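Peer 1: Structure incoming, see below.
The values are calculated or read from the model by the stated rules, or taken from the named source; none is laboratory data. Remember, it's a predicted structure, so these values are computed and weren't measured experimentally. Ideal geometry is used to build each Cβ from the backbone, glycine not excepted, and the neighbour counts take in all protein chains shown.
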């Protein structure tokens, strides 16, 4: 890959580079993902907007804003990060995240959060195994109906990633001996029942490429959505967490420790 440079975007002209990326990744008949005046106001008041450039061409962008959780803890919430088609799977998204981390630490933040679609395998792998985020929350249909081409017609279920910037979290990857709660059987989801009294970890497998499935077979995509929701939502709501991700594409879910 040619020389990659990542920098914050200053002024309306440069911020429009980010808007172009977001509108390219999430095209919508309703217009732009975020208006120029709103983005300028947010950047002027402490929002993070950065672009990834290769040979002077913008190929990716990220957008994050200050946030406060229910406990009053100030952190950075990363709302959008996208890479143009043709430049994905080249670790540009990872580089953007680490640039965002440095920016946040320089400004006194110790945590970055963001939502992600738990059905998208490549995002799950990046978040959990590469960045070491912790996942304790599942939100069914978090954004409601989204009209963009990537999400249209699909419930917008999301997990919340929490990235502790000053401590390292090593994700589990070993699936040996862990029962399978959600299988991928020939591309179809198959749920298996387990007694929660005797099981302290389960595996939930993901489809190979839910984005491709969604475009070709919306009925199958919805089956995967509901099956994963059935497995993740009640467990995460009762104190379980996603403690790892296997090399063959499964979440490792762990029960809360007793005592």
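Peer 1: Give region 16-39 a look and list any residue that's in contact (Cβ under 8 Å) with a residue 24 or more places away in the chain, part of a helix (DSSP H, G or I) and either farther than 24 Å from residue 97 by Cβ or touching a strand residue (DSSP E or B) at 6+ places or on another chain (Cβ under 6 Å) (or both), or say none.
Peer 2: Once the filter is applied, which keeps residues that are in contact (Cβ under 8 Å) with a residue 24 or more places away in the chain, part of a helix (DSSP H, G or I) and either farther than 24 Å from residue 97 by Cβ or touching a strand residue (DSSP E or B) at 6+ places or on another chain (Cβ under 6 Å) (or both), region 16-39 yields 17, 18, 21, 22, 25, 36.
Peer 1: Sticking with this structure for a sec: Please determine, by comparing only the residues of region 221-240 that are out of contact with any strand residue (DSSP E or B) (no Cβ under 8 Å at 6 or more places or on another chain) and in a helix (DSSP H, G or I), which one is nearest to residue 157 (Cα to Cα).
Peer 2: The extreme case among them is 225.
Peer 1: Collect the residues in region 138-161 that are surrounded by fewer than 19 Cβ atoms within 10 Å (Cβ to Cβ), at pLDDT 95 or above and in contact with a helix residue (DSSP H, G or I) (Cβ under 8 Å, 6 or more places away or on another chain), keeping them in residue-number order.
Peer 2: 140
Peer 1: Another question, if that's okay. Only one of 203, 232 is closer than 23 Å to residue 77 by Cβ and modelled with pLDDT of 95 or more; which?
Peer 2: Numbers: 203 fails: closer than 23 Å to residue 77 by Cβ.
The match here is 232.
Peer 1: Follow-up question, since we're still on this one. Can you tell me which residue within region 197-210, out of those that are more than 11 Å from residue 187 (Cα to Cα) and buried (at least 17 other Cβ atoms within 10 Å of the Cβ), is nearest to the chain's Cα centre (by Cα)?
Peer 2: Among those that are more than 11 Å from residue 187 (Cα to Cα) and buried (at least 17 other Cβ atoms within 10 Å of the Cβ), it is 204.
Peer 1: Name the single residue that is surrounded by the most Cβ atoms within 10 Å (Cβ to Cβ) among those in region 211-220 being out of contact with any helix residue (DSSP H, G or I) (no Cβ under 6 Å at 6 or more places or on another chain) and assigned to a helix (DSSP H, G or I). First the steps, then the outcome.
Peer 2: To start, the set of residues in region 211-220 that are out of contact with any helix residue (DSSP H, G or I) (no Cβ under 6 Å at 6 or more places or on another chain) comprises 211-212, 215-219.
When the remaining residues are screened for being assigned to a helix (DSSP H, G or I), the result is 211-212, 215-216, 218-219.
Working: 211: 16, 212: 11, 215: 12, 216: 10, 218: 13, 219: 7.
Checking each candidate, the answer is 211.
Peer 1: Out of the residues in region 1-15 meeting the condition of being at pLDDT 85 or above and outside any helix (DSSP H, G or I), tell me which one is farthest from residue 64 (Cα to Cα).
Peer 2: 3
Peer 1: Next question, about the same structure. Given (1) part of a loop (DSSP other than H, G, I, E, B); (2) within 25 Å of residue 242 (Cα to Cα); (3) at pLDDT 95 or above, where does residue 108 come up short, assuming only one miss?
Peer 2: (2)
Peer 1: With the structure loaded, tell me whether residue 104 is within 30 Å of residue 208 (Cα to Cα) and either without any contact (Cβ under 8 Å) to a residue 24 or more places away in the chain or buried (at least 19 other Cβ atoms within 10 Å of the Cβ) (or both) or whether it fails that test.
Peer 2: No; evaluated as a whole, the condition is false for this residue.
Peer 1: Suppose we filter region 182-210 for residues that are assigned to a loop (DSSP other than H, G, I, E, B) and closer than 17 Å to residue 226 by Cα; how many remain?
Peer 2: Of the residues in region 182-210, 7 are assigned to a loop (DSSP other than H, G, I, E, B) and closer than 17 Å to residue 226 by Cα.
Peer 1: Taking region 221-250, which residues are touching a helix residue (DSSP H, G or I) at 6+ places or on another chain (Cβ under 7 Å) and closer than 15 Å to residue 208 by Cβ?
Peer 2: 221, 224, 245, 249
Peer 1: Then there is this: Given the criterion in a loop (DSSP other than H, G, I, E, B), without any contact (Cβ under 8 Å) to a residue 12 or more places away in the chain and more than 20 Å from residue 23 (Cα to Cα), identify the matching residue among 141, 145, 71.
Peer 2: Answer to the selection: 71.
Peer 1: Oh, and also: Out of curiosity, is residue 180 modelled with pLDDT of 95 or more and farther than 19 Å from residue 79 by Cα?
Peer 2: Judged against the criteria, residue 180 is a match.
Peer 1: Mind counting the residues in region 76-99 that are in contact (Cβ under 8 Å) with a residue 12 or more places away in the chain and under 18 Å from residue 169 (Cα atoms)?
Peer 2: Matching residues across region 76-99 total 2.
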